[in-house]
1. Here is a list of conditions, (1) farther than 17 Å from Val231 by Cβ; (2) open to solvent by 90 Å² or more (accessible area, probe 1.4 Å), and Gln125 meets all of them except one; can you say which number that is?
2. Gly198 passes all but one of (1) under 30 Å from Phe293 (Cα atoms); (2) open to solvent by 90 Å² or more (accessible area, probe 1.4 Å); (3) of a type outside the set (S, T, N, Q); which number fails?
3. Would you mind finding the one in Leu323, Leu294 that is open to solvent by 50 Å² or more (accessible area, probe 1.4 Å), within 18 Å of Val218 (Cβ to Cβ) and of a type outside the set (Ser, Thr, Tyr)?
4. Provide a single number: the residues in segment 128-142 that are farther than 14 Å from Ile229 by Cβ and either open to solvent by less than 40 Å² (accessible area, probe 1.4 Å) or touching a Pro at 6+ places or on another chain (Cβ under 9 Å) (or both).
5. Taking interchain pairs and intrachain pairs at least six residues apart, which have beta carbon atoms under 7 angstrom, with the first residue in segment 190-213 and touching a residue at least 40 places away in the same chain (Cβ under 8 Å) and the second hydroxyl-bearing (Ser, Thr, Tyr)?
6. Answer yes or no as to whether Phe159 is surrounded by 11 or more Cβ atoms within 10 Å (Cβ to Cβ) and either out of contact with any Lys or Arg (no Cβ under 7 Å at 6 or more places or on another chain) or of a type outside the set (A, V, I, L, M, F, W, C) (or both).
7. Hey, can you tell me all the residues within segment 222-242 that are buried (at least 16 other Cβ atoms within 10 Å of the Cβ) and either without any contact (Cβ under 8 Å) to a residue 40 or more places away in the chain or assigned to a strand (DSSP E or B) (or both)?
Amino acid sequence: MKMMLRRQALVLCAAAIGAVSFTPVNAFATVTSRHRTIPIHHRQQHYGVESGRITRNSMELRMSDGGSTKGEESNNFFTSLLNSVTQSGVSDEQIEQIESEEEKQKRLRLERLEEIENGELRRQQRVAEDKFGYLFLFALQLLPLLGNSDRIVSIIYFFGVAVTTVYLGGRQEVIDKAERISRDNALYAPIGASIAIGGLYLLLKVGIDITTFYTIMVTLFGALAISDIGVPILRNLFPNIDFANAEVPVSEGLAEKLDLDKPALPLDGLLTLGLGVLCTLVYWAPAAMEQKFLISNAIAWALGMVSLGAISLGSFQTGAILLAGLFCYDIF
């Protein structure tokens, strides 16, 4: 009795191993026996045990597409196991190079520079697409020079500048993702603005005049805004210059202080930064504001464009809440 049970157990183990090692080609493959064709999902039944032995048909199973027999299959369980064992030794011998911190920082800087250049190309292309809008803005700046102070001309000027700036600012390409304004931010924006202007009023009441400090900060940010907005405009004004590769060499000491990979600065960034600094110096020149209104408008326009590119309303509902809150803030 024990011998019979042991023999049946061995037979069952052999049948199980054969079932595991048998690999179907696809879901519709069939197993062909000597007498009949059996669907693949019934192949375990064909591995029958008759009178304590494996049938001959179960040892001659083949794929219906004329594939090789089980003994000829190379992708069986034991072959895969042997291959995994032999390949594990090869993978262990491979030496994995670990990136150092300095190499990582250098790689990240190079990736950042590539990202910035790709962003500048997108901005240049968008300015080229909206060139008529920028030309219209420039033409509007010439209206005050005509000396006509008619109310209709003033309405055309301010309405045209405001609408065109919002249109161009909403369409402009940015390098970094804009900050999204949520519904809560829109609700609390008028409150924050009221607190800020209330604080300024209290400072003036106690005799602290921050007008000069405010003007300095605005003009400094205006110079940076002109430097940023001016890059794609400059590239479109001089398309024959390869600003992507044009650089200005600097000293090794300055390059080390600025943490530059090589002692050079981009030409377009330096030119627009110089233009922004020049506008700031002209703004602070001892002259009447009527004589330098173009500089004041350029600084204000650049700040508006940068602000529109730095934030994103996300939805019409958020924009409506923000405008309604600012309307109440203006009345208050």
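The values are calculated or read from the model by the stated rules, or taken from the named source; none is laboratory data. Please read all numbers here as calculations on a predicted model, not as lab measurements. All Cβ positions, glycine included, derive from the backbone under ideal geometry; neighbour counts span all protein chains shown. The protein model used for the area step is the full one, side chains on, heavy atoms only, and it has no ligands, DNA or RNA in it. Shrake-Rupley method; radii C 1.70, N 1.55, O 1.52, S 1.80 Å.
1. It fails just one condition, (1).
2. (2)
3. Going through Leu323, Leu294 in turn, just one is open to solvent by 50 Å² or more (accessible area, probe 1.4 Å), within 18 Å of Val218 (Cβ to Cβ) and of a type outside the set (Ser, Thr, Tyr): Leu294.
4. Looking only at that region, the number is 3.
5. Pro190/Tyr329; Ala193/Tyr329; Ser194/Tyr329
6. So Phe159 passes the test.
7. Within segment 222-242, Leu234 is the sole residue that qualifies.
Let's see how each residue does on (1) surrounded by fewer than 13 Cβ atoms within 10 Å (Cβ to Cβ); (2) hydrophobic (A, V, I, L, M, F, W, C):
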residue: Asp268; (1), (2): no, no
residue: Val277; (1), (2): no, yes
residue: Ala287; (1), (2): yes, yes
residue: Gly304; (1), (2): no, no
residue: Phe327; (1), (2): yes, yes
